[in-house]
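Here the structure is laid out as structure tokens; the discussion comes afterwards.
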Amino acid sequence: MAKSSGSGAHQQMSLDLLPSALLATVMTKLDIASIRSLACTCKAFHSCASHMLCFIPSFHLLDIAPPAEYIRPLLPPNPYLRSLKVDCMRLDDSSLDCLLQPTLQELCLHNCADFSGRLLSQVGQYCKDLRFLYLSSLAEKRGRSIDVSDLEVLFGGCTQLETLILMFDVSMFLRHNFARVWSIAPTTLVSLEMGYISSVMVTELLSPPVAPYQSIEHIRPSILPGIQKLCLSVDYITDTMISTITNNINCLTHLDLRDSPITEPRLAFDLTNAGIQQINLHGRLKHLSLVRSQEIFPAYFKRVNDLGILLMADRCSDMESICLGGFCQVTDTGFRTILHSCSKIFKLRIYHGPHLTDLVFHDIAATSLTLTHVSLRWCNLLTNHGVARLVSNGNLSVLDLRDCRNIGDDALRTISNLSELKALLIDGSDISDMGLSHLSKGAMRSLVSLSIRGCKRLTDNCISFLFDESSNSELRELDLSNIPNLSDAGILLLAKRRIPLLELRMRQCPLISDTSIMVLASMKVDEEGWYGSSLRLLDLYNCGGITQLSFQWLKKPYFPRLRWLGVSSSVSRDVLDALSRNRPFLHIVFHGEELGMTGQWDNSDDLYMHDYDEVDELEQWLEGENEGDEDIQEAENNADPML
């Protein structure tokens, strides 16, 4: 034993004697996740990690939301910093001095609700070399408009900006002079995305100004002439807006428009056949998305029919991705025209297609299509036969059939033959436990994401059918929400299979109780791993049997990688506060929101693309080993027996 101890001391001494410059050189090649892993292994690496923060080229910290006192030591002045990505949920204007470094070329600040519009002008003043800027939720907690002069300073300072993503309500800018400011936007700008902007503001923004005493027929320079990608969420998609975009942006290759009307649109505020046929007049468009959301009001594109789609398809032969949502007057004729006219298309999404039937895919085998991503949500006339025709295209990697009520076990039998399938979403379908057994014989070997939410016929047996004892599943994301007959026995089966899930959703399952939480917390993915180590997201919202006992198992050291937790609103506030103190970087959601949703654009392509860290050493680095068990116990003693 003494010899072994001496050998260990010798190794430690040897490591300490390594030149710090050598260690720093090696660590600068790593990302933050790897650096923080090394920092927790020994004092030498910890010291070097703290020092080399002055030299790293990239700092990406989106899995936790650190407060100002934690972020400042991690962001010292760094002349080599090029890329910064931070969750700013606990930051405000007082942190701008450490966030905005002059060498930055890429800046992504998420959840900036506590910042003011001054953030824009400060970026323009201090980040002159910026090429990429992403800001979300800016000033949402401030309750006031953003001065357009801040945007003007941003454009005046960041003259090399190429991508601008403003994921917040842009209408908070005072409308006066808003359009004029965009006339001085950098000519290098090629990509523009906005979280919300009114259709009137879009038209004003993109319409070139008319100088005094100048004829309207005079040729005027285009606003944003270099834009290739435009993604906007508006109140109404209209013919006027489509015409303005088409006539003033000649280089457009990617157009994504969505609206959420609060009332039934009038003719002047709607999209018609006349408007949709103006899309892609210049023939450069590769990606098109037109979606009318029903989140606020059940509105549809009632003034576009098969004729409009036929006229648009004439110019879409080179299109690679098409998404159409809410086109309730379009029938099989229109949708088949797209498939037969767009031979290069590989992504097809159709939402709320009440007239889409199996006939759309009747002769798809006769086409040269190589579809890899298909989404047919809320297409209730689609049946097993149509799915069988669709999956004859064996290259599918993402298949989304959510809320297609007539999809059943026979569809799963054909889907199981897709050897490259990565994501399958069949929420609300008419499948059974036995139907899922087909997946285990084929597609389950490649699946990374599976959602069977709301499939009422499923029971605990579905777990044993999906994961047999010999399976080597790649599954990382599983949604079992709203399955009335799923109980603790099913979760016990899941734990026994040791599937290294990263995301598990079981919201609104009335038979799920504390036992499931204890089983998951005690589960080891492998013999050398941490208990419950794989889960990053756990959704327990409105599960019928969850009591305060579960919160003993949700504290450290269990679930060491957990970042998102969903619970019911009936949970005692004292217990939630105590858990927040115990795990300050855990996102706890209790109003029923979907977990992990950070943006409003369709992310079905990225369902299985998460890059998660192996373990969460950063918490140890930042806050030490304080567990706070006493707070949890005291809160539980004061709470009601049932949550």
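Compared with the direct C-alpha span, the chain from Lys344 to Cys54 gains 99.7 nm at full extension, assuming 0.36 nm per residue.
Note that region 272-284 has calculated 3J(HN,Hα) couplings of 10, 4, 5, x, 5, 6, 7, 5, 6, 4, 8, x, 9 Hz, one per residue in order, obtained from phi through the Karplus relation 6.51 cos²θ - 1.76 cosθ + 1.60 (θ = phi - 60°); glycine and proline are x.
When Rg and Dmax are taken over the Cα atoms of region 57-189, they come to 14.0, 41 Å. Checking every one of the chymotrypsin sites (Phe, Trp or Tyr not before Pro) in region 25-94 against DSSP loop status and a limit of 15 other Cβ atoms within 10 Å picks out Phe55, Tyr80.
Here is the list for region 225-283: trypsin sites (Lys or Arg not before Pro) lying in DSSP coil, each with at most 12 other C-beta atoms within 10 angstrom of its C-beta, are Arg266. Each label point was placed 7 Å from the Cα along the Cα-to-Cβ direction; for Ser83 and Ser145 their separation is 3.8 nm.
Which FRET efficiency value, to the nearest 0.05, is calculated for Ser207 and Ala274 with the Förster distance at 22 angstrom and r the Cβ-Cβ distance? Rounded to the nearest 0.05, the efficiency is 0.70. Residues in region 57-189 average 39 Å² of solvent-accessible surface per residue, probe 1.4 Å, ligands and nucleic acids excluded. The phi torsions of region 146-156, fed into the Karplus equation with coefficients 6.51, -1.76 and 1.60 and a -60° offset, translate into couplings of 9, 5, 5, 5, 5, 5, 5, 5, 4, 5, x Hz, rounded to whole numbers, with Gly and Pro shown as x.
Our analysis of region 481-583 gives Rg over Rh at 0.94, with the two radii drawn from alpha carbon positions and Rh computed by the Kirkwood formula.
Between Thr263 and Thr28, the contour length at 0.36 nm per residue exceeds the Cα-Cα span by 79.2 nm.
Can you give me the Kirkwood hydrodynamic radius for region 402-538, using every pair of distinct Cα atoms, in Å to one decimal? Mean inverse Cα-Cα distance, inverted, gives 14.8 Å. Applying 1/(1 + (r/R0)^6) with r as the Cβ-Cβ distance of Tyr126 and Ser198 and R0 = 22 angstrom yields a FRET efficiency of 0.10.
Computed over protein heavy atoms with a 1.4 Å probe, the accessible surface of region 247-292 works out to 40 Å² per residue. Peptides 113-122, 385-394 ranked from most to least packed, by the mean per-residue count of other Cβ atoms within 10 Å: 113-122, 385-394.
I'd like the FRET efficiency for Gln105 and Ser317, computed as 1/(1 + (r/R0)^6) with the beta carbon distance as r and R0 of 41 Å, rounded to 0.05. Using R0 = 41 Å, I get an efficiency of 0.65.
Amide H to amide H distances under 5 Å link Cys231 with Leu192, Glu193, Met194, Asp256, where only residues 5 or more positions off or on other chains count and H is placed in the peptide plane. For Leu62, the solvent-accessible surface with a 1.4 Å probe is about 80 Å², rounded to the nearest 10.
Relative to the Cα centre, the charge distribution of region 57-189, modelled as +1 at Lys and Arg Cβ and -1 at Asp and Glu Cβ, gives a dipole magnitude of about 180 debye. Karplus-derived 3J(HN,Hα) values for region 330-340, using 6.51 cos²θ - 1.76 cosθ + 1.60 with θ = phi - 60°, are 8, 10, 4, 4, x, 5, 5, 4, 4, 4, 8 Hz; glycine and proline are entered as x. For Arg377, nonlocal amide neighbours, meaning residues 5 or more places apart or on other chains whose placed amide H falls under 5 Å from its own, are Ile350, His352.
Taking the square roots of 5 times each eigenvalue of the Cα gyration tensor of region 221-362, largest first, gives ellipsoid semi-axes of 22, 20, 12 Å. Taking packing as the residue-averaged number of other Cβ atoms within 10 angstrom, the listed peptides 19-29, 558-568 run from highest to lowest as 558-568, 19-29. Need the C-alpha centroid separation for region 432-503 versus region 101-177, integer Å. Centre-to-centre distance over Cα atoms comes out at 44 Å. Once backbone amide H atoms are built at 1.01 Å from N, Asp460 has Ser487 as its partners under 5 Å, excluding neighbours fewer than 5 places away on the same chain. Here the simple spin-label model places points 7 Å from the Cα toward Cβ, and for Ala21 and Asn250 these points are separated by 5.5 nm. Straightening the chain between Thr41 and Asp410 buys 127.6 nm, computed as 0.36 nm per residue apart minus the Cα-Cα spacing. Relative protection proxy for 474-485, 290-301, from highest mean packing down: 474-485, 290-301 (other beta-carbon atoms within 10 angstrom).
The values are calculated or read from the model by the stated rules, or taken from the named source; none is laboratory data. It should be emphasised that the depicted structure is a prediction, and the values quoted were computed from it without experimental measurement. Here Cβ is always computed from backbone atoms with ideal geometry, including for glycine, and neighbour counts include all displayed protein chains. Surface accessibility is based on the protein's heavy atoms, side chains included, excluding ligands, DNA and RNA. Shrake-Rupley method; radii C 1.70, N 1.55, O 1.52, S 1.80 Å.
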